Amino acid sequence: MSNTVLEIKKNRLKRYYEAEEKVLNSQSYTLGSKTLTRADLTSIQNMIKKLLVDNVALLSLQEKQDGVE
């Protein structure tokens, strides 16, 4: 298993954690007369869970391929 795939997933997970933090700090904000709403917190948290499961699976597969059990 390529470390590149795992690194991509790790970076994506990091960005989702950053998005979650932004939503937790302020779900919406106003600029002038416009109110903007950030992404749905539940959707972000569901993707974080999925990425964590994917990363664990990739690490497990990588360890098996490397002969570490």
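Annotation: of all residues in the range 21-69 being among the aliphatic types (A, V, I, L, M) and part of a strand (DSSP E or B), the one that is modelled with the lowest pLDDT is L36. Selection of the range 53-69 for residues being open to solvent by 70 Å² or more (accessible area, probe 1.4 Å) and touching a residue at least 24 places away in the same chain (Cβ under 8 Å) yields L59, L61, Q65. Taking the criterion of being touching a residue at least 24 places away in the same chain (Cβ under 8 Å) and open to solvent by less than 70 Å² (accessible area, probe 1.4 Å), the residues of the range 1-51 that qualify are V5, L6, K9, L13, Y16, A19, E20, I44, Q45, M47, I48, L51.
The values are calculated or read from the model by the stated rules, or taken from the named source; none is laboratory data. It should be emphasised that the depicted structure is a prediction, and the values quoted were computed from it without experimental measurement. Every residue, glycine among them, receives a Cβ derived from its backbone with ideal geometry; neighbour counts consider all protein chains shown. SASA here: full protein model, heavy atoms, side chains in, ligands and nucleic acids out. Shrake-Rupley method; radii C 1.70, N 1.55, O 1.52, S 1.80 Å.
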